[in-house]
Amino acid sequence: MTDTPAADTPPDRLCVDPDSPWHDAAVLARGVGVRFKGAEKTNVEEYCVSEGWVRLAVGKTVDRRGKQMTMLLKGPVESWFES
């Protein structure tokens, strides 16, 4: 069989923040890679493939609640499970 099952694709939207409704610890433990505008990114905090955006961490700065400062960028997004 050469067909990949639907469960072998990452979710459309995923976040690393445990307080987010789009957080999934099991998926994150498996390892998800993200490519934004053709470049592989390692500092992605949240992404949405269908809406075409990523939220990237900005340096080591944190907000007043202690959460990572992020910026939203729009463009083509691809995600996959890392082996």
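The values are calculated or read from the model by the stated rules, or taken from the named source; none is laboratory data. Here the structure is a predicted model, which means the values were calculated and not measured. No Cβ is skipped: glycine too gets one built from the backbone with ideal geometry, and neighbour counts run over all protein chains shown. What goes into the accessible areas is simple: the full protein's heavy atoms, side chains included, and nothing from ligands, DNA or RNA. Shrake-Rupley method; radii C 1.70, N 1.55, O 1.52, S 1.80 Å.
Observations
- Placing dummy labels 7 Å off each Cα toward the beta-carbon, the span from V62 to T42 is 2.2 nm.
- Under-5 Å amide H pairs with M69, H placed in peptide plane, nonlocal only: V58, T61, V62, D63
- Taking each residue as 0.36 nm, the span from M69 to S50 lengthens on full extension beyond its C-alpha to C-alpha distance by 4.5 nm.
- D19 exposes around 120 Å² of accessible area when a 1.4 Å probe is run over every protein chain in place.
- In the chain, the calculated helix contribution to ellipticity at 222 nm averages -1500 deg cm²/dmol per residue, counting -39,500 (n - 2.57) for every DSSP H run with n ≥ 4.
- Order by protection proxy (mean Cβ within 10 Å, highest first), peptides 41-48, 64-71: 41-48, 64-71
- For region 1-76, with all protein chains in place and a probe radius of 1.4 Å, 54% of the accessible heavy-atom surface sits on carbon or sulfur.
- Here K60 is the anchor, and the lysines within straight C-alpha reach of less than 21 Å, apart from those fewer than 8 places off in the same chain, are K41.
- Descending Cα extents along the principal axes, the chain, whole Å: 51, 26, 22
- Cut-off under 5 Å, modelled amide H: who pairs with C15 long-range: H23, D24
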